[in-house]
Amino acid sequence: MNLNIAGKNALVTGGTRGIGLAIANALADEGVNVSLCSRNEEEATNTANNIRTSKGVKSLGIRADTGVSLDIQSMVEITFQNLGGIDILINNAARVGGTGGPDTLSSLNEEMLQNDFDVKILGYLRCAKAVLPYMENSGWGRIINMDGMAARNAAGISGGMRNAAVMNFTKVMSEEVGVMGITVNAVHPAVSKTEALIQRLEANAKRDGVTIEEAEQKIAKNNAIKRLVTSEEIASIVTFLCSQQAGCITGEAVAPAGGNSRSVFY
């Protein structure tokens, strides 16, 4: 299927590894020019160079901390200056759920709460606000907020709050900008097979005295498909939501989570 987005320009935050990198590669495969950011400048530059060389599109790597407002403004301005426009925003830079430490009431981690607020809530909102004038000017845009299944399932204090907040403002944003030709959607990935998860599986396998395959299956058994979802599978869903064909989908949440939740949504 031709998604009709070749020549568009995308900004992918947290685009140097895991799901973010898979999304950047998937968009580049469709002929989309890609700007990506990381807190590590060398990593961002090297990743962008690899995409440019292997995919034949414009690609730009920028050092930015999306928990810092000035970094976001600079990132967006540099992207526009180098690519000539911003049509797609993938809000992805955020801590992976469950990796920030204990997330319970009894061990309330205010530092983690503040970081989640600055990066995943304010960071997503600030990025969206910064790119909005460019999308409004062209009369077309796609904003994808990478959220999480903690928006649908009871999870930790911080994990649940941040994901529920992202879903709420995704809907609010979609109603505000729909008339401008801009769609806004959220994606809820569950545990997916990334570099970070592989390291976690290795540690779990060593701790429990089992094979890596057995450690993986222990997590995958909670999925209806009985295997882990790959970052490439998630990226394909995100890429479709960025397409011309998905122009009627907005204010929605899509969960490429392998049937991880037993909740029923109408």
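The values are calculated or read from the model by the stated rules, or taken from the named source; none is laboratory data. Keep in mind the model is a prediction, meaning the values are calculated, not measured. Using ideal geometry, Cβ is built from the backbone for each residue, glycine included, and neighbour counts are taken over all protein chains shown.
Please verify whether Ala151 is more than 17 Å from the chain's Cα centre (by Cα), more than 22 Å from Val68 (Cα to Cα) and crowded, with 19+ Cβ neighbours inside 10 Å, treating the condition exactly as stated. Spelling it out, it is not the case that Ala151 is more than 17 Å from the chain's Cα centre (by Cα), more than 22 Å from Val68 (Cα to Cα) and crowded, with 19+ Cβ neighbours inside 10 Å.
Examine region 235-243 for a residue that is over 29 Å from Gly7 (Cβ atoms), under 16 Å from the mean Cα position of the chain (by Cα) and either touching a residue at least 40 places away in the same chain (Cβ under 8 Å) or surrounded by 14 or more Cβ atoms within 10 Å (Cβ to Cβ) (or both), and state whether such a residue exists. For region 235-243, residues over 29 Å from Gly7 (Cβ atoms), under 16 Å from the mean Cα position of the chain (by Cα) and either touching a residue at least 40 places away in the same chain (Cβ under 8 Å) or surrounded by 14 or more Cβ atoms within 10 Å (Cβ to Cβ) (or both): absent. Residues in region 29-43 that are surrounded by fewer than 23 Cβ atoms within 10 Å (Cβ to Cβ) and under 19 Å from Ile62 (Cα atoms): Arg39, Asn40, Glu41, Glu42, Glu43.
Set side by side, the residues Arg142, Arg207 differ, and just one is touching a Cys at 6+ places or on another chain (Cβ under 7 Å) and among the charged types (D, E, K, R), which is Arg142.
The single condition among (1) out of contact with any Gly (no Cβ under 9 Å at 6 or more places or on another chain); (2) surrounded by fewer than 20 Cβ atoms within 10 Å (Cβ to Cβ); (3) more than 17 Å from Met173 (Cβ to Cβ); (4) not charged (D, E, K, R) that Val68 does not meet is (1).
Which condition breaks for Asn2 when tested against (1) in a loop (DSSP other than H, G, I, E, B); (2) touching a residue at least 12 places away in the same chain (Cβ under 8 Å); (3) closer than 22 Å to Ser243 by Cβ? The one condition Asn2 does not meet is (2).
Out of the residues in region 1-13 meeting the condition of being modelled with pLDDT of 95 or more and not β-branched (Val, Ile, Thr), tell me which one is surrounded by the fewest Cβ atoms within 10 Å (Cβ to Cβ). Step by step, filter region 1-13, then rank; the result is Ala6. Across region 19-60, the number of residues qualifying as over 19 Å from the mean Cα position of the chain (by Cα), within 13 Å of Asn9 (Cα to Cα) and not charged (D, E, K, R) comes to 2.
Of the residues that sit in region 199-234 and are aliphatic (A, V, I, L, M) and in contact with a helix residue (DSSP H, G or I) (Cβ under 7 Å, 6 or more places away or on another chain), which one is surrounded by the fewest Cβ atoms within 10 Å (Cβ to Cβ)? Only one residue tops the list, namely Ile212. Are any residues in region 36-54 closer than 16 Å to Thr239 by Cβ and of a type in the set (S, T, N, Q), and if so, which ones? Passing the criteria: none in range.
Screening Trp140 with (1) closer than 29 Å to Ile225 by Cβ; (2) surrounded by fewer than 20 Cβ atoms within 10 Å (Cβ to Cβ) gives one miss only, at (1).
With respect to Ile62, is the statement that it is closer than 16 Å to Ala130 by Cβ, surrounded by 18 or more Cβ atoms within 10 Å (Cβ to Cβ) and either among the charged types (D, E, K, R) or in contact with a Lys or Arg (Cβ under 8 Å, 6 or more places away or on another chain) (or both) true? No, not satisfied.
Just a yes or no: is a residue in region 181-198 in contact (Cβ under 8 Å) with a residue 60 or more places away in the chain, among the hydroxyl-bearing types (Ser, Thr, Tyr) and more than 18 Å from Thr250 (Cα to Cα)? Among the residues of region 181-198, at least one is in contact (Cβ under 8 Å) with a residue 60 or more places away in the chain, among the hydroxyl-bearing types (Ser, Thr, Tyr) and more than 18 Å from Thr250 (Cα to Cα), which makes the answer yes.
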